[in-house]
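Please treat every number below as a calculation from the coordinates, not as lab data. Computed from a predicted structure; not experimentally measured. A quick note on method: Cβ atoms are made from the backbone with ideal geometry, for glycine too, and the neighbour counts reach across all protein chains shown.
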Amino acid sequence: MDRQRETNRLHNVSLSRDTEQLSEKAALVIHSILRSAVKKRSRASVILAGGNTPKRCYEILADMIHRYYYSNGAEGKAIAEGTDWFFGDERWVEAAHPMSNEGMARKALLSAINAPEDKIHSWHAGKGHPVERATEYDRVLAEYFDRDSLSPDIAIMGMGPDGHTLSLFPDANIVFSENPQGKVPVSRDVLNLDRNAVAIHKPEEDEWRLTMTPRIPNRAETMIFLIHGSEKRSAFMRLKKNDDTLPASWLKGKETFYFITESLLER
């Protein structure tokens, strides 16, 4: 079956030849949503993904916002100054570390548009204990989204070869306390968890992560998946079939779009 015929069978999927085209398409959609939200309410909120695939999208988006700012005066400035930025997940490293999701987003996007510091909601990873940081981010999210029953305008997601999104790894544990017994395996039960953020521990690598649960992202007006790489082909095919054991299948906004490259469909 050729790629175009296979793509036509998919719902809300945009197929690109490479990551550059994927990034351009996604950035256009994100910029349009931000303009509309800020014009309507003078504010917007975005959940940012980490990893390698979103970086180029953020760079292109920064250029779009920058150009719009200078072309449209106060209206353009409102996008840069009126958007709150959250991080869907984070590695247990400080923002200056080269592996930090926040650090990548700051360099590629937030610093480039001069986003106000009070609009950048950091996990403050690498300081204290992961459970402590997750508890604090849970409070930050509740204060912003739950207090006024707000929904994120955009939630940007990625997906790993094992089907994880955010830091919901299928072979990891959700850790609720510093007590070794205070943990449960990552599973679809996370959808019922009454927490916005949790600490994740990957026992095989003895690695800590911080992540949102699906609770806030699934309220997003628009969810955007950015997926590239032949190593993710198997997971994407399972996602297409709505395999509910796959963490990426647990994430769906009011509208969900998948920006993918041809590498996912190649045989």
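Quick notes on this structure:
- Viscosity 1.306 mPa s, 10 °C: Kirkwood-radius Stokes-Einstein D of segment 218-267 over Cα pairs, µm²/s: 139
- Spin-label model, R147 to D243: label points 7 Å out along the Cα-to-beta-carbon direction sit 4.2 nm apart.
- Note on K232: lysines with a C-alpha under 25 Å away, same-chain residues under 8 apart excluded, are K25, K55, K202, K240, K241, K252, K254.
- q = 0.15, 0.18, 0.20 Å⁻¹: log10 I(q)/I(0) that the Debye formula gives for segment 141-236, counting C-alpha atoms only: -0.66, -0.92, -1.07
- Efficiency of FRET between N72 and S36 - r from beta-carbon atoms, R0 22 angstrom, step 0.05: 0.95
- For segment 207-243, the residues whose backbone nitrogen is under 20 Å from a point 7 Å from the Cα of E266, taken along Cα to Cβ, are 226-238.
- Dimensionless Rg ratio for segment 103-152, taking C-alpha atoms and the 2.2 N^0.38 Å reference: 1.32
- Highest GNM mean-square fluctuation among A112, A172, A74, for the chain modelled with Cα contacts below 10 Å: A74.
- With N the number of residues in the chain, Rg(Cα) / (2.2 N^0.38 Å) evaluates to 0.98.
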